[in-house]
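A.B. asks: Mind looking over this structure? Questions follow.
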């Protein structure tokens, strides 16, 4: 835990040392919210038929979906991206010459990514409520918490799978590519899945983001209980149960492969 805390502290100090970039990182979500707010205003903030199950207009729907995709997508891709960057800059070698296992380093990266993602969620939430008047009064905290944890577990497992490809092959990560495609087109981030043609809706069922966003939208805006959301919760449980051992196996296999070839520190 001491090493994980040290890595998180190092990452925080590095981030805040670039003050202008840090400020822009806070401002960018607010600018994006202004864009979607005025897009929604163009359509008079109406609740179109595809948004009726959630009971909100497009801005409110997108506010939650963007927060969810940023939190979960960041959890998935940031670790692999950080490993790749550390390999390229040579800092991974500096970490590995210390008495610290690669497993501890990856856990530390995941911890930092989660903290960073939570910070972004706070920015979106504060701006959404105090600038744009978002209404979270109906939120079911238990449902939201359970769904967030299950989604976080599955996406962090996907992140470890993604990291395994980077460790073994350096470039060409199919996990991040497919999951990003799912989030951008099939997962309900920018519009409800029901808007898609039937054959694409079937494809969307293979992406965990679909169940996460749908359940979160209902839990936050409709106060849906776990009993109502049992199908999405069950699917997320099954996905997590499959991905956790698969992620551990893939990481162990990729590390052995890279060590045998002597390419662990190469970019």
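A.B. asks: Please verify whether region 195-211 includes one or more residues that are under 16 Å from the mean Cα position of the chain (by Cα), within 21 Å of residue 40 (Cβ to Cβ) and either outside any helix (DSSP H, G or I) or in contact (Cβ under 8 Å) with a residue 60 or more places away in the chain (or both). Reasoning before the result, please.
C.D. replies: Applying the first criterion (under 16 Å from the mean Cα position of the chain (by Cα)) to region 195-211 yields 207-211.
Right, trim to within 21 Å of residue 40 (Cβ to Cβ) and you get none.
There is no residue in region 195-211 that is under 16 Å from the mean Cα position of the chain (by Cα), within 21 Å of residue 40 (Cβ to Cβ) and either outside any helix (DSSP H, G or I) or in contact (Cβ under 8 Å) with a residue 60 or more places away in the chain (or both).
A.B. asks: Taking interchain pairs and intrachain pairs at least six residues apart, which have beta carbon atoms under 9 angstrom, with the first residue in region 23-41 and within 12 Å of residue 132 (Cβ to Cβ) and the second loosely packed, with under 12 Cβ neighbours inside 10 Å?
C.D. replies: Listed pairs, sorted by first residue: 40/46.
A.B. asks: Output the helices (runs of 4 or more DSSP H) that fall wholly within region 53-158 and possess 2 or more residues being modelled with pLDDT of 75 or more and within 16 Å of the chain's Cα centre (by Cα), or say none. Please lay out each step first, then the result.
C.D. replies: Numbers: elements: 58-89, 91-96, 102-130.
The helices (runs of 4 or more DSSP H) meeting that bar are 58-89, 102-130.
A.B. asks: Using the structure shown, decide if residue 185 is within 15 Å of the chain's Cα centre (by Cα) and modelled with pLDDT under 85.
C.D. replies: no
A.B. asks: Those residues that are without any contact (Cβ under 8 Å) to a residue 24 or more places away in the chain and closer than 30 Å to residue 135 by Cα, I need them from region 230-248; list them, please.
C.D. replies: Of the residues in region 230-248, the ones without any contact (Cβ under 8 Å) to a residue 24 or more places away in the chain are 230-231, 234, 238, 241-242, 245.
Once the filter is applied, which keeps residues that are without any contact (Cβ under 8 Å) to a residue 24 or more places away in the chain and closer than 30 Å to residue 135 by Cα, region 230-248 yields 230, 231, 234.
A.B. asks: Got a sec? Which of 227, 259 is in a loop (DSSP other than H, G, I, E, B), free of Cβ contacts under 8 Å to residues at least 12 places away in the same chain and out of contact with any strand residue (DSSP E or B) (no Cβ under 7 Å at 6 or more places or on another chain)? I'd like the intermediate steps shown before the answer.
C.D. replies: Numbers: 259 fails: in a loop (DSSP other than H, G, I, E, B).
Selected residue: 227, the only one of 227, 259 that is in a loop (DSSP other than H, G, I, E, B), free of Cβ contacts under 8 Å to residues at least 12 places away in the same chain and out of contact with any strand residue (DSSP E or B) (no Cβ under 7 Å at 6 or more places or on another chain).
A.B. asks: Suppose we keep only residues that are over 23 Å from residue 236 (Cβ atoms) and touching a helix residue (DSSP H, G or I) at 6+ places or on another chain (Cβ under 9 Å) within region 127-145. Which one would you say is surrounded by the most Cβ atoms within 10 Å (Cβ to Cβ)?
C.D. replies: Narrowing region 127-145 to residues over 23 Å from residue 236 (Cβ atoms): 127-135, 137.
Checking which are touching a helix residue (DSSP H, G or I) at 6+ places or on another chain (Cβ under 9 Å) leaves us with 127-128, 131-132, 134-135.
On the way: 127: 20, 128: 23, 131: 12, 132: 16, 134: 21, 135: 12.
Selected residue: 128.
A.B. asks: Answer yes if at least one residue in region 8-17 is closer than 30 Å to residue 112 by Cβ, modelled with pLDDT of 75 or more and in contact with a helix residue (DSSP H, G or I) (Cβ under 7 Å, 6 or more places away or on another chain), and no otherwise.
C.D. replies: no
The values are calculated or read from the model by the stated rules, or taken from the named source; none is laboratory data. Note that this is a predicted model, so its numbers are computed, not measured. Cβ atoms come from the backbone with ideal geometry, glycine included; neighbour counts cover every protein chain shown.
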